[in-house]
Amino acid sequence: MKDWIVGIDIGGTNLVVGLVPAEGGAPVALRVRATDAARGPEAVVTDVVRMAREAVREVSGGAGGGEAISVIGVGVGCPGPIDREAGVVIESPNLRWRMYPLRERIEALVDWPVAIDNDANCATYGEWWQGAGKGSSSLIGITLGTGVGGGYILDGRVVHGASGGAGEIGHTTVNVSGRRCACGNEGCVEAYASGPAIAARAREGLANGVQSSLLELVDGDPERITAATVYEAVVDGDPFATEVLTEAARFLGAGIANVINILNPEAVVIMGGVTRAGDHLFKPLKAEVRRRAFKSLVDACSILPAELPETAGVVGAAGVFLAERRDAAL
């Protein structure tokens with residue numbers, strides 16, 4: 001009987017749940033819904049457990065609540081530093097969770113063992129295991145969404161650091177007197193390159209009288225502008241939207257250059273909806289990396305768009321569960 005893992009990706013915007021074959025492959029029975037973090041963590045856990053049960057029922061043919069298939073465990077990705085041994089979300093600024101016992105809460109509602117990790121670690125692992133970084137010996141993953149997350153894979157393992165918080169490229173400083181970040185710091189990569197930051201920068205420009213087609217795309221209501229609106233305007237050739245995206249790409253490129261200089265990775269994979277901007281993002285980003293990082297290190301590193309744009313978190317969460325089980329058996 002084929003073994004499956006439930007992969008759960010808890011994001012600041014959306015929850016994504018699916019079943020992943022233990023031998024690897026595309027997730028099936030995907031479920032997506034808005035996170036609505038303001039409801040609190042218990043409501044979010046209730047949602048992802050319900051979505052997981054629905055996915056299992058779908059794969060098992062809707063009969064017997066899942067007895068027809070073999071589910072060996074659950075992998076969960078969640079934003080913020082994670083105490084993996086305790087199963088606790090230490091702090092998640094975008095969810096506003098602090099010291100939340102996520103693994104315990106999920107295990108109380110399901111019959112399978114649960115492993116949890118940072119959501120960007122999971123997405124990075126997914127791209128290394130099944131996506132753009134497959135076969136890389138060392139890989140940096142960067143997730144661009146509600147926040148900016150990061151992960152580091154070295155020799156097939158997630159590098160977690162001394163307290164589980166390694167890879168937080170979004171909260172490295174690229175402007176010492178810059179914009180306020182959700183984490184409380186100033187000048188973080190996330191304060192410039194996240195989806196909300198890009199949208200906020202566009203709204204500020206319009207409020208200061210900049211002429212742009214952005215307002216036409218939102219029927220004159222600047223509060224409806226999102227990062228996706230900015231990307232759409234860029235593709236349409238709007239100069240101001242292009243300026244906003246280029247600025248975000250340059251700050252992100254500065255952050256990536258720092259990481260390349262420190263870790264000398266074989267690949268950097270960029271994940272998230274922003275990659276749909278294509279060369280409008282990657283050209284200024286790569287130019288900034290080349291300007292700031294050592295040439296020999298840049299030459300050794302491929303900067304790539306993700307191959308699993310919607311499912312890296314789910315695939316990686318399942319992979320992280322398998323890796324944790326493997327390490328426990330050693």
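The values are calculated or read from the model by the stated rules, or taken from the named source; none is laboratory data. Not measured: the values here are computed from a predicted model. All Cβ positions, even for glycine, are placed from backbone atoms using ideal geometry, and neighbour counts span all protein chains on display. All accessible areas refer to the heavy atoms of the entire protein, side chains included, with ligands and DNA or RNA removed. Shrake-Rupley method; radii C 1.70, N 1.55, O 1.52, S 1.80 Å.
When G165, G141 are checked against the criterion of being assigned to a loop (DSSP other than H, G, I, E, B) and either open to solvent by less than 20 Å² (accessible area, probe 1.4 Å) or not hydrophobic (A, V, I, L, M, F, W, C) (or both), a single residue qualifies: G165. Filtering G12, G73 for residues that are under 15 Å from the mean Cα position of the chain (by Cα), closer than 25 Å to G165 by Cβ and not β-branched (V, I, T) leaves a single hit, G12. State whether one or more residues within segment 14-25 are within 20 Å of P309 (Cα to Cα), of a type in the set (G, A, S), exposed (fewer than 15 other Cβ atoms within 10 Å of the Cβ) and touching a residue at least 24 places away in the same chain (Cβ under 8 Å). Looking for residues that are within 20 Å of P309 (Cα to Cα), of a type in the set (G, A, S), exposed (fewer than 15 other Cβ atoms within 10 Å of the Cβ) and touching a residue at least 24 places away in the same chain (Cβ under 8 Å), one finds at least one in segment 14-25, hence yes. Just one of (1) modelled with pLDDT under 95; (2) farther than 26 Å from W4 by Cβ fails for M99. It is (1).
Do we have any residue at all in segment 300-320 that's farther than 21 Å from N118 by Cα and among the small types (G, A, S)? Yes - at least one qualifying residue is present in segment 300-320. R292 passes every criterion in (1) open to solvent by 30 Å² or more (accessible area, probe 1.4 Å); (2) closer than 28 Å to D236 by Cα apart from (2). Checked against the criterion of being in a strand (DSSP E or B) and free of Cβ contacts under 8 Å to residues at least 40 places away in the same chain, the candidates R50, R33 yield just one match: R33. With respect to E85, is the statement that it is over 16 Å from V17 (Cβ atoms), in a helix (DSSP H, G or I), without any contact (Cβ under 8 Å) to a residue 40 or more places away in the chain and charged (D, E, K, R) true? Taking the combined requirement at face value, the residue does not satisfy it.
Residues in segment 95-138 that are surrounded by 22 or more Cβ atoms within 10 Å (Cβ to Cβ), in contact with a Leu (Cβ under 7 Å, 6 or more places away or on another chain) and outside any loop (DSSP other than H, G, I, E, B): 6 in all. Output the residues belonging to segment 1-35 that are touching a strand residue (DSSP E or B) at 6+ places or on another chain (Cβ under 7 Å) and farther than 24 Å from G149 by Cα. Scanning segment 1-35 gives M1, K2, D3, W4, P21, A22, V28, A29. Under the condition of being in a helix (DSSP H, G or I) and open to solvent by 60 Å² or more (accessible area, probe 1.4 Å), which residue from segment 295-323 is nearest to W4 (Cα to Cα)? In this case the residue turns out to be D299. Would it be correct to say that A233 is on the phi < 0 side of the Ramachandran plot, crowded, with 21+ Cβ neighbours inside 10 Å and in contact with a strand residue (DSSP E or B) (Cβ under 9 Å, 6 or more places away or on another chain)? So A233 fails the test. Scan segment 264-280 and give yes if some residue there is open to solvent by 50 Å² or more (accessible area, probe 1.4 Å), within 25 Å of N118 (Cα to Cα) and outside any loop (DSSP other than H, G, I, E, B), otherwise no. Yes; the residues of segment 264-280 include at least one that is open to solvent by 50 Å² or more (accessible area, probe 1.4 Å), within 25 Å of N118 (Cα to Cα) and outside any loop (DSSP other than H, G, I, E, B).
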